[in-house]
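Here's the structure, in C-alpha cells; my notes come after.
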Amino acid sequence: MPKASELKKGSVVEVDGEVYITRQIDKRNPSARGAATLYKVRFFNVRNGQKLEQTLKGDDFVKEGHLTRRPVQYSYREDDLIYFMDSENYSQYAVSAELLEEQLHYMTEDLEGMIAMLVDGQVAGIEIPQNVELEITATAPGLKAASASARTKPALLSTGIEIQVPEYLESGERIKVNTTTGKFVSRA
C-alpha cells in the first residue's frame, strides 16, 4: 500500500470500494513545528466521473486500485467521443473528451506510447508519454541575433495550444513539449 506522499497524478487508488484516478495533488507544509505535511488530493471516480477530494497526511496509507494497462493508438474523434484502437488485439475503446481534458492538447494521430488504463474492461484514462513532438503553426518571426537565453515568445502549436518558446524558433519547426508541465523542452 502506497503512502499519500507517494501519490502521483494518474495514480489509481481504491476508496470505499470504488476505483479512483488521482487528478490533482496540492502539497501543503504547515508552519507549526512537528506538524505533518498535508496533501489535498482530487480524485475522479472511474465508473461515473464523480470528484472526490480528500486531505491526507504524508504518512497515511491509501489502497492501491487494480487496473489493466493496454497499449493503444489514437484513431479518430466523433463529437464528444475519442476512439482508440488496442495495438495488440485491435479492439476499439471510446473515451469521452471530458475524461481526457489536459491530455487532448498533446494527442496527435501519430503519437506512439499511449497506454489505456482499463478497470473491468472500461477505459479509466489514457497515459501519454512525458514528452511529445508538436509542430509550431504560428509564432512571431525568429530573430537572427537571438541568443539561447531565457527570452521567450508565444507560439501556437498544431494541436491548438499556446506555449512559450525561445525567440529563435520559427513557424514550421517541430519541438518537444513536456506533457505534465506544458513547457518547451527542446527542438525535435
Practice task
Just report the Cα centroid separation between the range 1-56 and the range 63-123, whole Å.
Solution key: 23 Å
Fill in the blank from the handout: Long-range amide H partners of G125, meaning residues 5 or more apart or on another chain whose placed amide H is closer than 5 Å, are M117
Completion exercise
Yeah, the range 62-131 with a ≥ b ≥ c from its alpha-carbon gyration tensor (a/c under 1.5 is rounded, else prolate when a/b outruns b/c, oblate otherwise) is rounded
Completion exercise
Any residue on another chain or 5+ positions along whose placed amide H is under 5 Å from the amide H of G65 is listed here as V12, V13, E14
Problem - Reach of K51 by Cα under 29 Å, taken over lysines that are not fewer than 8 positions away in the same chain - result: K3, K8, K9, K27, K40, K63, K183
Practice task
Can you list which of the GluC sites (Glu not before Pro) found in the range 90-188 are DSSP loop residues with at most 14 other C-beta atoms within 10 Å?
Solution key: E109, E112, E170
Fill in the blank from the handout: Gyration tensor (Cα only) of the chain to equivalent ellipsoid, semi-axes in Å sorted down, yields 33, 26, 12
Completion exercise
The extension gain from E18 to A36, computed as 0.36 nm times the residue separation minus the Cα-Cα distance, is 3.8 nm
Practice task
Treat each spin label as a single point 7 Å out from the Cα along the C-beta direction, and report the R174 to Q130 distance in nm.
Solution key: 2.1 nm
Problem - Cα centre as origin, Lys/Arg/Asp/Glu Cβ charges: the chain dipole, Debye - result: 1060 debye
Practice task
Treat the count of other C-beta atoms within 10 Å as a stand-in for reagent exposure and order I161, I82 from fewest to most.
Solution key: I161, I82
Completion exercise
Taking a ≥ b ≥ c as the square roots of the eigenvalues of the Cα gyration tensor, with a/c under 1.5 meaning rounded and otherwise prolate when a/b exceeds b/c and oblate if not, the range 98-188 is prolate
Handout entry: the chain: calculated mean residue ellipticity at 222 nm from DSSP helix runs of at least 4, using -39500 (n - 2.57)
Key = -500 deg cm²/dmol
Handout entry: Label-point gap, in nm, between Y90 and L156 - each point 7 angstrom along Cα→Cβ
Key = 3.9 nm
Exercise for the section: Output the relative contact order of the range 68-188, whole-number percent, from Cα pairs under 8 angstrom with separation of 6+ residues. Expected result: 20 percent
Practice task
Straight distance only, please: which aspartates and glutamates reach the Cα of K57 with their own Cα at less than 15 Å, same-chain residues fewer than 8 apart left out?
Solution key: E6, D26
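Read-outs throughout are calculated quantities, based only on the coordinates presented, and are distinct from any laboratory measurement. Since this is a predicted model, take the numbers as computed values, not measurements. Every residue, glycine among them, receives a Cβ derived from its backbone with ideal geometry; neighbour counts consider all protein chains shown.
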